[in-house]
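Written out below as structure tokens is the structure these notes cover.
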Amino acid sequence: MANHKSALKRIRSNESKHLINKYQHKTVRNAVRKLRSLTDKNEATSLLPTVVSMLDKLAKKHVIHKNKAGNLKSGLTLKVNSL
């Protein structure tokens, strides 16, 4: 157990940040899954910028690695272009 006031506060803040990051990460994973399952090019083209933006935000906050975000964006773009 933490002995300092600042360590106790850090534990509380880390827990709340963890929940927020987990929620955002799960939301992005669901959006990527939805985009991969689409077969309509117009719908996929309109959804792609939203998903790319979400991935960039997660990478900026260090929830996912920037290279992982880049790889996902590249693969999704190729998928949408091939429709």
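Values quoted throughout were computed directly from the atomic coordinates according to the rules given, and no laboratory measurement underlies them. What you are looking at is a predicted structure, and each value in this text was computed from that prediction instead of being measured. With ideal geometry, Cβ positions are generated from the backbone for all residues, glycine too; neighbour counts draw on all protein chains shown.
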Result of the Cβ filter at 9 Å on the range 17-33, keeping first residues that are surrounded by 12 or more Cβ atoms within 10 Å (Cβ to Cβ) and partners that are of a type in the set (Lys, Arg), at least 6 apart or interchain, is Asn21/Lys61; Gln24/Lys57; Gln24/Lys61; Val28/Lys57
So, of the residues in the range 1-29 that are in contact with a helix residue (DSSP H, G or I) (Cβ under 9 Å, 6 or more places away or on another chain) and of a type in the set (S, T, N, Q), which turns out to be farthest from Lys73 (Cα to Cα)?
Asn21
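For the range 61-82, which positions are within 13 Å of the chain's Cα centre (by Cα), part of a helix (DSSP H, G or I) and surrounded by 11 or more Cβ atoms within 10 Å (Cβ to Cβ)?
Lys66, Lys68, Ala69, Gly70, Asn71, Leu72, Lys73
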Test Thr27 against the stated conditions and say whether it is of a type in the set (Val, Ile, Thr) and over 19 Å from the mean Cα position of the chain (by Cα).
no
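With the structure loaded, tell me whether Val51 is assigned to a helix (DSSP H, G or I), of a type outside the set (Gly, Ala, Ser) and surrounded by 10 or more Cβ atoms within 10 Å (Cβ to Cβ) or whether it fails that test.
Numbers: assigned to a helix (DSSP H, G or I): yes; of a type outside the set (Gly, Ala, Ser): yes; surrounded by 10 or more Cβ atoms within 10 Å (Cβ to Cβ): yes.
For Val51, the condition - assigned to a helix (DSSP H, G or I), of a type outside the set (Gly, Ala, Ser) and surrounded by 10 or more Cβ atoms within 10 Å (Cβ to Cβ) - is met.
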Of the residues Ser53, Ser37, Ser46, Ser13, which single one is within 12 Å of the chain's Cα centre (by Cα) and among the polar types (S, T, N, Q)?
Ser53
